[in-house]
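Structure first, commentary second.
The values are calculated or read from the model by the stated rules, or taken from the named source; none is laboratory data. Small disclaimer: the values here were computed from a predicted structure and weren't measured. Please note: Cβ atoms are built from the backbone with ideal geometry, for glycine as well, and neighbour counts cover all protein chains shown. Ligands, DNA and RNA are stripped out before the accessible areas are found, and what is left, the full protein with its side chains, is counted by its heavy atoms. Shrake-Rupley method; radii C 1.70, N 1.55, O 1.52, S 1.80 Å.
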Amino acid sequence: MSELNEKELLNGEEEKKSIFNLRTIWTIFYLNWHWVLLSVFICMCAAFVYLRYATELYSASMKVLVKDSEQNPRGYGMALDEMGLLSNSNGFDNELEIIRSATVSTRAVKRLKLYVTYVQEGRVRDRELYKTSPVLVDLEEGRLESLASPIFLTLTKKKNGPIRVEGRFDEEDPEKITLSEELKEFPAHINSPFGQLIFHQNPGFEFKDDTKLFVTILSPKNVGRAYARRLNASATTKTTTVANVSFVDTDKRRSLDYLRELVDCYNEDANEDKNEVARKTEEFIAERLDKIRAELDETEGSMEAYKRNNELINLSNDATTALTNTTNYQKEMVEAQTQLSLLKSLMDYMDNPSNYLQTLPANLGLKETSLVNTISKYNDLVLRRNRYMKGSSEVNPMVVQITQEVSDMWPAIRSNMSSLYNNMEIKKKSLEDQYRLYSNRISQTPTQERVLNNIGRQQTLKADLYLTLLQKREENYIQLYSTASKARLIDEPMVMGKVSPKNKMIWVAAFGFGFVFPIGLLMCLSLLRFRIEGRDDIEALTKLPILSDIPFSHELDAGQRSVVVRENRNDMMEEAFRGLRTNMGFVLKPEEKVILATSCIPGEGKTFVATNLAMSFALLGKKVLVVGLDIRKPQLVNLFGLKADKRGIVNFLGGSRADFDLLEAQITPSGVNANMDVLPAGIIPPNPAELLSSSLLKEGVEYLCTKYDYVILDTPPVGLVSDTLNIGRLANVTLFVVRADYSPKANFELINSIASENKLPKCNVVLNGMDLRKRKYGYYYGYGKYGKYGKYGKYNKYSKYGHYGVYGHYGHGPGKDNGKVHVEK
């Protein structure tokens, strides 16, 4: 295997594998599927309880045709509208806003008395009643508008007892009971701080014993605004005036009743606007009829008195031609006088300041078409302004615009009337001149006849005007009582279905949350771990090769100490070290014999790996020597149970020259296998760093390579002292031993740094201490890396090997009794 250069290692650190991959998720699920199923079960139960007791919301919808009275004039705009290139959105959008307004909604709420809510106490949750409450409660009409805070009433009935009413009105202390009365008969009236409360019995529904009914009376305006917020009105298409109106509520019947009543209230509101002009015209005509009736009575009385005083019965007409012309001009003068009277009445009406921004009387019989059209246009603008004022304020841009147009038209209409009045007076004078001209021609006509004609002319004038006003009044009555509805239902209100809670979404969300939550929690916990747990963690932290994964040994053979690899055995531990031995064959070249075993901190199992790797090589018939170069804290003598006779490599390194006979004398048989020897450290010297840096060590290792097939150097932890870096010059391959659930992840910064700077040769990683009983390494379950060898678990109960632990002593973890062997029984 080629050496890793610095660039490869740096790239390896930058390209760390993300833990959020399908393999990790599947591993977590596979190892914790019972917790995932439990989480899913709990979430599904929670979803069932939520759906069982959650308040359900239903959507009701209807289609309404809104008749648009403000159609576009025939022309280019209308053509574009018919072609679908120009939408009819101005007036229709305003009507939609009126439908959604709080004013119309409040009117519907008051009609249906939706400002009173009834809730019956239940075992698990309370149930809202609509039209099924046994008692109906209301507040006197005059006090509803001024109701500032809610009124809370509680109605209870004991067995065979009267209904007891308790009321709470104190805003500072809502639980304080300020009203306590009994209802013995219906209807009943109870005085409260907010007005008189009225109680009626709902026919067909009985107040059962031992039940409790909660009644809340709210302000109709507040309820109307709340209902308006839950109402939606939109156009079905851009080119029609059909509105799709929908409403969301907890009760299906209430939503349907509300939508129907909303249309009726909207039509009433629209009709009130349209009838305003008719009512103003009716008032004007009635006033004028009273005045003309009095004038007509006076004229008829004058004629009767004149004839009685002059004893006149019948007069002949001598000047037929003159009289005919006189009569014609007289008719024209009567018509002119009628127009003058109408104009004068309209000018007097406009001169009254209280009529400003009010509709003008129309259809009075004026002959001037331009004035009639102008008045009609003015009335339309005033009506539009009044309708917009109901749903908005005077600062609304549309209201401001219309007010400006009305203000501009008012003086123009007044000026036009004055001009017409002056012109009509001129015309009248001209007619009078012509009339006098022909009157002179009949100068022979008796004075009495001329007087009678004058009186008759006045009588005819008044009679014609009176009849005209009577006719206009009847026409106005027809218009007033034949007003069509503004909106018409196309599709009756119907319930479209439940909108909340959405059962399918809740079930899916509960299943998804129950499945994702434990997996996500375990992944988050894995992010918080600062120790490595398995191969995936190492692969995410370094690009160095991982040569083997050594299982955790729970039980050691007391006679063989730390060596768990045995001859003629085929359990998981032997298989793991066979794999390490095989991979070493790919790493080492044929001429390379020196293997350096080290770690970053004590307790990671470097000595355990070194000795058992040596035993694995020895079982192949290779001559192997384990050299204890951890001379600061030697442990090989204790671990192999050797005689403490102070023999060791320190004796060789302390000499002045390379005495190879002395070196051979320090070597001791391992007692485990004839092919494996041990060269312990010996006594602890005062200058370990100097001894390990001497040239004698290099000469000694080179000599040992001539005697052995493999020389394995057990060195101190590289994270604590620099001895291992000095020894690294003698090795061909480096094994960094890390321990699962023990080695900090931060140690790999040091390992990567050493490898990238080539401070040690051919750095590789051995993962030690994989505890398969914890079931948290998915790829190790059944020894997954060697999946087909999972059956080897039955040999010798591989999961119960002894402990190996803190640096130099093989226990569960850090220990104080160095050199002792701990065996689980």
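Annotations for the structure displayed:
- Pairs meeting the criteria (first residue in the stretch 682-697 and without any contact (Cβ under 8 Å) to a residue 40 or more places away in the chain, second residue of a type in the set (A, V, I, L, M, F, W, C) and surrounded by 12 or more Cβ atoms within 10 Å (Cβ to Cβ), beta carbons under 8 Å, at least 6 apart or on different chains) are 683/650; 689/721.
- Exactly one residue among 658, 731 is among the aliphatic types (A, V, I, L, M) and free of Cβ contacts under 8 Å to residues at least 60 places away in the same chain, and that residue is 658.
- Scanning the stretch 204-234 for residues that are open to solvent by less than 20 Å² (accessible area, probe 1.4 Å) and assigned to a strand (DSSP E or B) gives 213, 215, 217, 231, 233.
- Residue among 377, 307 that is modelled with pLDDT of 75 or more and open to solvent by 60 Å² or more (accessible area, probe 1.4 Å): 377
- Residue within the stretch 779-786 that is of a type outside the set (A, V, I, L, M, F, W, C), open to solvent by 50 Å² or more (accessible area, probe 1.4 Å) and either in a loop (DSSP other than H, G, I, E, B) or modelled with pLDDT of 50 or more (or both) present: yes
- Test for residue 128: is it within 21 Å of residue 257 (Cβ to Cβ) and surrounded by fewer than 17 Cβ atoms within 10 Å (Cβ to Cβ): yes
- Scanning the stretch 624-637 turns up at least one residue that is outside any helix (DSSP H, G or I), open to solvent by less than 10 Å² (accessible area, probe 1.4 Å) and among the small types (Gly, Ala, Ser).
- The stretch 74-125 - residue that is of a type in the set (Ser, Thr, Tyr), part of a loop (DSSP other than H, G, I, E, B) and farther than 30 Å from residue 54 by Cβ and, of those, modelled with the highest pLDDT: 101
- Scan of the stretch 356-374 for residues that are part of a helix (DSSP H, G or I) and open to solvent by 20 Å² or more (accessible area, probe 1.4 Å), ordered by number: 369, 370, 372, 373, 374
- Of the numbered criteria (1) over 29 Å from residue 258 (Cα atoms); (2) more than 33 Å from the chain's Cα centre (by Cα), the one residue 123 fails is (2).
- Scanning the stretch 723-737 for residues being in contact with a Pro (Cβ under 9 Å, 6 or more places away or on another chain) and either open to solvent by 10 Å² or more (accessible area, probe 1.4 Å) or not polar (S, T, N, Q) (or both) gives a total of 7.
- Restricting attention to the stretch 512-544, the residues that are in contact (Cβ under 8 Å) with a residue 60 or more places away in the chain and surrounded by fewer than 15 Cβ atoms within 10 Å (Cβ to Cβ) add up to 3.
- Looking across the stretch 747-777, the residues that are in a loop (DSSP other than H, G, I, E, B), at pLDDT 90 or above and open to solvent by 40 Å² or more (accessible area, probe 1.4 Å) come down to 757, 758, 759.
- Identity of the residue in the stretch 655-669, out of contact with any strand residue (DSSP E or B) (no Cβ under 8 Å at 6 or more places or on another chain), assigned to a loop (DSSP other than H, G, I, E, B) and open to solvent by less than 60 Å² (accessible area, probe 1.4 Å), that ends up farthest from residue 690 (Cα to Cα): 659
- Flag if residue 720 is farther than 20 Å from residue 655 by Cα, part of a helix (DSSP H, G or I) and open to solvent by 10 Å² or more (accessible area, probe 1.4 Å): no
- Residue within the stretch 135-149 that is surrounded by 20 or more Cβ atoms within 10 Å (Cβ to Cβ), touching a residue at least 12 places away in the same chain (Cβ under 8 Å), in contact with a helix residue (DSSP H, G or I) (Cβ under 8 Å, 6 or more places away or on another chain) and not in a helix (DSSP H, G or I) present: no
- Candidate set from the stretch 708-746 (those that are among the hydroxyl-bearing types (Ser, Thr, Tyr) and over 58 Å from the mean Cα position of the chain (by Cα)); member that is farthest from residue 768 (Cα to Cα): 708
- Set 709, 714, 723, 645: member being of a type in the set (Asp, Glu) and touching a strand residue (DSSP E or B) at 6+ places or on another chain (Cβ under 6 Å): 714
- Number of the exception - residue 400 against (1) under 25 Å from residue 279 (Cα atoms); (2) without any contact (Cβ under 8 Å) to a residue 12 or more places away in the chain: (1)
- When residues of the stretch 684-720 are limited to those that are touching a Pro at 6+ places or on another chain (Cβ under 8 Å) and at pLDDT below 90, the one farthest from residue 663 (Cα to Cα): 720
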